[in-house]
Amino acid sequence: KNEVEQSPQNLTAQEGEFITINCSYSVGISALHWLQQHPGGGIVSLFMLSSGKKKHGRLIATINIQEKHSSLHITASHPRDSAVYICAVSPSTDKLIFGTGTRLQVFP
Amino acid sequence: DTAVSQTPKYLVTQMGNDKSIKCEQNLGHDTMYWYKQDSKKFLKIMFSYNNKELIINETVPNRFSPKSPDKAHLNLHINSLELGDSAVYFCASSFRSNYGYTFGSGTRLTVV
């Protein structure tokens, strides 16, 4: 079993819908990351969290350290949000452990 | 531009060859990493270096040898390439005291 589990694996949505991607982890962490990988392949860091909630534009990330769970929300989704969203955790500063990713497709 | 830059972006080579991938960051970060993304898009740590010192070698075959001439560069040399080495290799960097990562654009290695 992977130390970082994401759900769902695949997600399709209509433009404008509210989207939630979930991440659960089984190791002690210092931080949790949400990453975005577009079809072109590059990886962009969206959020780094160690507690609470962060918001950037239409993206919101939350983390519950006690429950070892994080969510990424996208409000008013748009086709340009189509990408793979990856949850990763830092058990230390020396590496990331990745989830398997959630492939999101948003249709107009 | 401030960034993590990898070269080459694409690399196609025959089995048994030796190849290198280069990575440079101009962000002033003190820690650099190599990650491998397999055919199922799963990412996994290979190596991490802090100030030119190897910190993590995550059970990677000896055919893979990272080299960090200075804290801004981390190169990956692969000997005797095998079909299973085909993957996308990502370089990344961060400050060791902080958890914010910047990734390179990846090198797609295809071994034929």
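The values are calculated or read from the model by the stated rules, or taken from the named source; none is laboratory data. Note that the coordinates shown come from a computational prediction; the quantities given were computed from them, not determined experimentally. Note that each Cβ is placed from the backbone with ideal geometry, even for glycine, and that neighbours are counted across all protein chains shown. These area figures cover heavy atoms from the full protein model, side chains too; ligands, DNA and RNA do not enter into them. Shrake-Rupley method; radii C 1.70, N 1.55, O 1.52, S 1.80 Å.
Which residues of region A:42-61 bury at least 40 Å² of accessible area once all protein chains are present, versus their chain alone (1.4 Å probe)?
Relative to the lone chain, where solvent access is computed with a 1.4 Å probe, region A:42-61 loses at least 40 Å² at A:Ile43, A:Met48.
Once B and A are treated as a pair rather than alone, how much accessible area drops out, both sides summed, in Å² to 100, probe 1.4 Å?
1800
Please report, as a whole percent, how much of the solvent-accessible surface of chain B comes from carbon and sulfur atoms (probe radius 1.4 Å).
49
Residue by residue, what Karplus-based ³J(HN,Hα) values in Hz, rounded to whole numbers, does region B:12-21 have, using 6.51, -1.76 and 1.60 with θ = phi - 60° and x for Gly and Pro?
The phi angles translate into 10, 8, 8, 3, x, 6, 10, 9, 10, 10 Hz.
Which FRET efficiency value, to the nearest 0.05, is calculated for B:Asp18 and A:Thr12 with the Förster distance at 45 angstrom and r the Cβ-Cβ distance?
0.55
How large is ³J(HN,Hα) for each residue in region B:86-93, as worked out from phi by the Karplus curve 6.51 cos²θ - 1.76 cosθ + 1.60 (θ = phi - 60°), to whole Hz, x for Gly and Pro?
With the stated coefficients, region B:86-93 comes to 4, 4, 9, 9, 10, 9, 8, 9 Hz.
Once amide H atoms are built 1.01 Å from N in the peptide plane, which residues 5 or more positions from B:Ala3, or in another chain, come under 5 Å H to H?
Distant-sequence amide H within range of B:Ala3: B:Asn26, B:Leu27.
Below 8 Å between Cα atoms, with a sequence gap of 6+, how large is the relative contact order for chain B in percent?
It rounds to 37 percent for chain B.
Convert each backbone phi in region A:34-47 into a coupling constant with the Karplus relation 6.51 cos²θ - 1.76 cosθ + 1.60 (shift: θ = phi - 60°), then list the ³J(HN,Hα) values in order as whole Hz, x for Gly and Pro.
10, 10, 10, 10, 7, x, x, x, x, 10, 10, 7, 8, 9
Shielding by partners for B:101-108, please: the mean number of other protein chain Cβ atoms within 10 Å of each residue's Cβ.
Shielding by partners across B:101-108 averages 4.
Rank these by accessible area, largest first, 1.4 Å probe: A:Leu11, B:Leu83, B:Leu109.
B:Leu83, A:Leu11, B:Leu109
Roll a 1.4 Å probe over the protein chains and send me the accessible area per residue for the protein assembly as shown in Å².
I get 48 Å² per residue for this part.
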